[in-house]
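The values are calculated or read from the model by the stated rules, or taken from the named source; none is laboratory data. Computed from a predicted model, the values in this text were never measured in an experiment. Cβ: placed from backbone, ideal geometry, glycine included. Neighbour counts: every protein chain shown. For accessibility, only protein heavy atoms count, side chains too; no ligands or nucleic acids. Shrake-Rupley method; radii C 1.70, N 1.55, O 1.52, S 1.80 Å.
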Amino acid sequence: MNARFDVNETLCYHLSRSGWGHLCETGLAVESASTGLFGKAVYFSPDPRKCDDYWRKATKDASDGAVVSVASTGKDPLTTRVMFACRVLLGRTKTYAPQQHDRTLLAPPEGYDSVSGDINSYKELAVYASDRVLLDYMITYELPRARALEQAKAYESQQQQRHSHAQQMATQQVLDRTFYKQPDVAPGGADTEA
């Protein structure tokens with residue numbers, strides 16, 4: 001913590017992959033956060049559209065906390081969205097250049113209390129201590145069904161592209177190891193392959 005503490009309280013929005021039911025039960029814990037573009041932290045945005053884009057119920061995974069939580073309310077999990085408005089004590093914020101990030105962070109850089117950066121046209125903020133966050137209220141809203149279906153299809157297509165790319169990379173690694181294998185060298189320096 002800095003000797004001169006600047007609270008820098010900011011209204012931000014949050015949604016996690018685990019969904020709002022999980023957040024209501026456990027709160028925002030850095031320990032259970034996944035590693036993102038700014039390391040292991042709790043992430044926010046001052047723009048609620050970021051949360052709307054992050055809503056991932058298009059996965060159709062029955063174990064997804066967001067879908068199960070919304071479905072249990074009797075609302076349509078395809079069109080109903082939920083996010084939290086939070087007061088976040090950012091303190092001194094290190095700002096990264098657009099599209100720059102550091103996935104290795106486990107704490108803010110020395111001399112700072114949080115980090116910020118522009119990722120995919122949205123400002124993202126990350127804090128590394130749960131006691132810097134107060135969940136103020138939950139916002140529930142519904143999208144028109146046509147828009148929700150369009151977003152779900154776009155997300156599904158994006159996931160398929162990522163999966164295909166990962167498979168291509170894995171295949172290329174196998175090929176590289178198979179066809180471009182370096183000859184084994186014996187301890188004396190002579191090749192073991194003839």
Legend entry - Filtered residue count, the stretch 29-53, keeping only those that are open to solvent by 20 Å² or more (accessible area, probe 1.4 Å), closer than 9 Å to residue 124 by Cβ and in a loop (DSSP other than H, G, I, E, B): 1
Inset, instruction - Please work out if residue 124 is among the acidic types (Asp, Glu) and farther than 22 Å from residue 54 by Cα. - result: no
Inset, instruction - Run residue 87 past the list (1) on the phi > 0 side of the Ramachandran plot; (2) in contact (Cβ under 8 Å) with a residue 24 or more places away in the chain and report the number of the one that doesn't hold. - result: (1)
Legend entry - Any hit, the stretch 177-190, residues being aliphatic (A, V, I, L, M), assigned to a loop (DSSP other than H, G, I, E, B) and at pLDDT 75 or above: no
Legend entry - The one condition in (1) more than 30 Å from residue 145 (Cα to Cα); (2) more than 15 Å from the chain's Cα centre (by Cα); (3) at pLDDT below 95 that residue 30 fails to fulfil: (2)
